[in-house]
Number of protein chains: 2
Amino acid sequence: MNLTEKQLAKKYVYNGKIINLRVDDALLPNGKTALREVVEHPGGVCVAALTDQDEILLVKQFRYPYMEEILEIPAGKRDSKEEAPLECGKRELREETGAVAGEFVFLGELYPTPGYCDEVIYIYAAKNLTFGETDPDDDEFLDVIKMPFNEALERVLSGEIKDAKTQTAVLKLKILKDSGRF
Amino acid sequence: MNLTEKQLAKKYVYNGKIINLRVDDALLPNGKTALREVVEHPGGVCVAALTDQDEILLVKQFRYPYMEEILEIPAGKRDSKEEAPLECGKRELREETGAVAGEFVFLGELYPTPGYCDEVIYIYAAKNLTFGETDPDDDEFLDVIKMPFNEALERVLSGEIKDAKTQTAVLKLKILKDSGRF
């Protein structure tokens, strides 16, 4: 089946700090038109970093949309769509946790909610860590936690860790570790 | 560290079909204020459904924000925040694939992009399938694909399958299957 939709018109309804929102008219495969709401985001990078003791670095952050503190792997948004994902990942890991990694492995991309958002999150695993000073953003408040990897895995499987990038990274890493690929 | 932020003011800048967008003033832990952009969404439900031949049901859909056809497990949004997630999952599975499942297992919640969006996606696994007619929404065009589970897993690990809920569900299911928990 031909599934392709075409952009007929676009209108920005919001241009903001982290996101923009546009509402487009799209041509559907059946010749009809429909509204398409698109949240634009420059994209993000996250890093599942393991210590030599097989602990994973997590950050506890208050996430305003949920009014909850949640556990996530270190992550941040790209300065622009031109910033290389790995450079962004190295910067966010260092700023949020103070860690510098000797080795990075790319674990793939994540489309968090493809129905209405264009964000792409690049996922890395990292090891051979050394630690220096943290340098969080001015409006960023977080606690850094080192958690045994198997405990983080259990908290993903039990449903306690809900963040999409963290679940995906921890689960991929488990399978890669078990098969000797990390 | 106290990480809590408080809502000081909220203003809707868009009320739409699938999402709303508000921009709030928030009180930070250090006493300063900051803008917080919040995409509001009623929440979604997805179902990783396995046939008796260990195939997973996938749908190929054109996702307008990426201008790409992507593979995902069947999913949809709740009619409202009051709709029970499991009922929504049963409806979406039937409408998109024609399948009715004899058994559902809850795999947890997913926060797709917690920095600026309040969507919660409920993840289910399902088995003991029987098939009837599909009944897609008017502006929904999709192909249903039955793929061997191990092939879907490899496509997640290789980075070809990028959708967050699909990656999380397939990876969790792999670990639960391997340990005899599904």
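Any read-out appearing in this document is the output of simple, stated calculations on the displayed coordinates, not a laboratory observation. Quantities reported herein were computed from a predicted structural model and do not represent experimental measurements. Every residue, glycine among them, receives a Cβ derived from its backbone with ideal geometry; neighbour counts consider all protein chains shown.
Of note:
- Inter-chain shielding of A:70-79 (mean C-beta neighbours from other protein chains, 10 Å cut-off): 1
- A label point on A:L8, set 7 Å along the Cα-to-Cβ line, lies at 4.3 nm from each of its counterparts in the other copies, closest listed first.
- Quotient of C-alpha Rg and 2.2 N^0.38 Å, computed over segment B:1-78: 1.66
- Span per principal axis, largest first, for the Cα atoms of segment B:68-151 (Å): 37, 31, 31
- Along each principal axis, taking the top coordinate minus the bottom one, the Cα set of segment B:103-143 gives 39, 29, 13 Å in descending order.
- Inter-copy spacing of A:L176 label points, which lie 7 Å from Cα along Cα→Cβ, given in nm from shortest upward: 2.4
- Peptide B:18-29 - average C-beta neighbours from other chains (10 Å radius): 3
- Residue by residue, segment A:145-151 carries 3J(HN,Hα) couplings of 10, 9, 10, x, 4, 5, 5 Hz when phi is fed to the Karplus relation 6.51 cos²θ - 1.76 cosθ + 1.60 (θ = phi - 60°); x denotes Gly or Pro.
- Over the protein assembly as shown, the Kirkwood radius and the radius of gyration, each from Cα atoms, give a ratio Rg/Rh of 0.95.
- Across the identical copies, how the A:Q53 labels are spaced - nm, sorted shortest first, 7 Å along Cα→Cβ: 5.0
- Average beta carbon contacts from partner chains per residue of B:166-177, 10 Å cutoff: 5
- A:G108 long-range amide H proximity, modeled H, under 5 Å: A:I123
- Residue-span extension gain [B:T51 to B:E83] - 0.36 nm each, minus C-alpha spacing: 8.9 nm
- Rounded to 10°, Cα long-axis angle of helix A:164-178 versus longest principal axis of chain A: 50
- Label-point separation, B:V13 to A:K6 (7 Å along Cα→Cβ), nm: 3.1
- The largest-to-smallest principal axis extents of the Cα set in segment B:139-178 are 38, 18, 17 Å.
- Sorting the segments B:166-176, B:37-47, B:129-139 by their residues' average number of neighbouring beta-carbon atoms within 10 angstrom, most packed first, yields B:166-176, B:37-47, B:129-139.
- Spatial extent of chain B: Rg and Dmax, with the Cα atoms as the point set, Å: 18.5, 58
- Comparing mean-square fluctuations of A:L35, A:L93, A:L153 from a GNM of chain A with C-alpha springs under 10 Å, the top value falls on A:L35.
- Candidates B:I123, B:I73, B:I161, ranked by Gaussian network fluctuation over chain B, Cα under 10 Å, top entry: B:I161
- Pairs spanning more than 19 Å between alpha-carbon atoms, out of A:K10/A:K77; A:K127/A:K174; A:K127/A:K177; A:K162/B:K172; B:K6/B:K32: A:K10/A:K77.
- Highest mobility in the GNM of chain B, judged by mean-square fluctuation with C-alpha springs under 10 Å and restricted to B:Y64, B:Y14, B:Y122, is found for B:Y64.
- Helical content of chain B, expressed as a calculated mean residue ellipticity at 222 nm, amounts to -6500 deg cm²/dmol (DSSP H runs of 4 or more residues, -39,500 (n - 2.57) each, divided by residue number, nearest 500).
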